[in-house]
Structure formats: structure tokens, C-alpha cells
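For reference, the structure is listed below as C-alpha cells.
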Amino acid sequence: MDKLNSTSRFSLIKTQIILTQTDTTVGFSSQNHKKLTEIKTRASTKPFIKLYQDFKSLQKDKIRVPNSQKNRVRRSKKTTFIVKERSFRVAKTPLQSSLLRDLNWNYSTSANESGKNFERNFCEQKADIIIEDKNSLFEGQASTLYKINAKKIKRLR
């Protein structure tokens, strides 16, 4: 189900806050990191994970994944990587939403206030667009987090 709370046009989807089920947990997605920072009420210096639809989109964004780690990134599931202080994840959306298919990337964060658990009412008030399927929205386990470079890999979460 795609539910649009805003009267804005779909062409402005890049600036909207989308509440959706990601591959790991329920989250807010947007290409506007300032709006996400406002909603989460967290420090503006803390970066967001950039979620890419595929590995080609990641490469177009000039993130240089070391050759020794490319297969790991390409084949990973539910995993976030940090390369040179830039965090990203390659994951196809589990929902068959035409809105999400049109976005090659977006900033992603868990759908809650900073340091709190998922509350559906809070999330629905803050989101411009809600995308939900028959399984509803659920808080799952966060992605695994690795810091990688050409020589080593370190698990952070």
C-alpha cells in the first residue's frame, strides 16, 4: 500500500520523507538528510547511511570500494560498510513500490527518535509518504556494520 499524506507531486519525491520497511528494519528514507536530522532530533554531525539500489549506483556516486572488497560488498545481505568515513549499503527494496524503484539511492535511518524504540504514531506523523505491504511495518535487527579498506575489515556492530 502506498499512502501519500502530502499534496506534493510525485516528481518531488526526492525531498519527501518516506516511511517504509527496509531489508533490515522499518526506516525513514529520503534524499534530504536535513529533514531526517530534524525528525530524528540528533546531532547534525552524525552521518546517515546511504542506501543504494545496486552496485552500479554505488559506483556512479564515486565511492571507491577497494578491489579486494568489491565481491563482499556486491554479495552482502543486510550489511552496512564504511569506506573512508562514508557509510553505505547495497540493498534492493523488499517492497514492490514504484516510488522506491525510481530512486537509485537515498539516506536511510531507523524509524524512531534518536535512542528510542519504534513507535508507529510518531513515525506516521513525521512521514510524508508511507509505503507498507501486507506484512506491515516491523522493527527488525539492525544491519551488520563493517569498516573496510584495501587490507583489512573490522566489524563494528
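The values are calculated or read from the model by the stated rules, or taken from the named source; none is laboratory data. What you see is a predicted model, and the numbers here were worked out from it, not measured in a lab. Glycine gets a Cβ as well: all are built from the backbone with ideal geometry, and neighbour counts include every protein chain shown.
If I go through the stretch 114-157 residue by residue, how many of them are closer than 21 Å to Val90 by Cα and hydroxyl-bearing (Ser, Thr, Tyr)?
Looking only at that region, the number is 3.
Return the residue satisfying two criteria in turn: it lies in the stretch 26-57 and is crowded, with 20+ Cβ neighbours inside 10 Å and in contact with an Asp or Glu (Cβ under 7 Å, 6 or more places away or on another chain), and of such residues it is farthest from Asn104 (Cα to Cα).
Here the residue is Lys40.
Under 7 Å by Cβ, and 6 or more places apart or on different chains, what pairs join a residue from the stretch 55-82 that is farther than 21 Å from Gly140 by Cβ with one that is small (Gly, Ala, Ser) and outside any strand (DSSP E or B)?
Every condition considered, the pairs that remain are Pro66/Ala150; Ser68/Ala150.
Can you tell me which residues in the stretch 4-29 are among the β-branched types (Val, Ile, Thr), at pLDDT 65 or above, out of contact with any Phe, Trp or Tyr (no Cβ under 6 Å at 6 or more places or on another chain) and part of a loop (DSSP other than H, G, I, E, B)?
Within the stretch 4-29, Thr22, Thr24, Thr25 meet the criteria.
For every residue, the table says whether it meets (1) at pLDDT below 80; (2) surrounded by 13 or more Cβ atoms within 10 Å (Cβ to Cβ); (3) over 17 Å from the mean Cα position of the chain (by Cα); (4) closer than 17 Å to Phe28 by Cβ.
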position: Leu95; (1), (2), (3), (4): yes, yes, no, yes
position: Leu103; (1), (2), (3), (4): yes, yes, no, yes
position: Thr109; (1), (2), (3), (4): no, yes, no, yes
position: Gly115; (1), (2), (3), (4): yes, no, yes, yes
position: Phe118; (1), (2), (3), (4): no, yes, no, yes
position: Phe122; (1), (2), (3), (4): no, yes, yes, yes
position: Asn135; (1), (2), (3), (4): yes, no, yes, no
position: Arg157; (1), (2), (3), (4): no, no, no, no
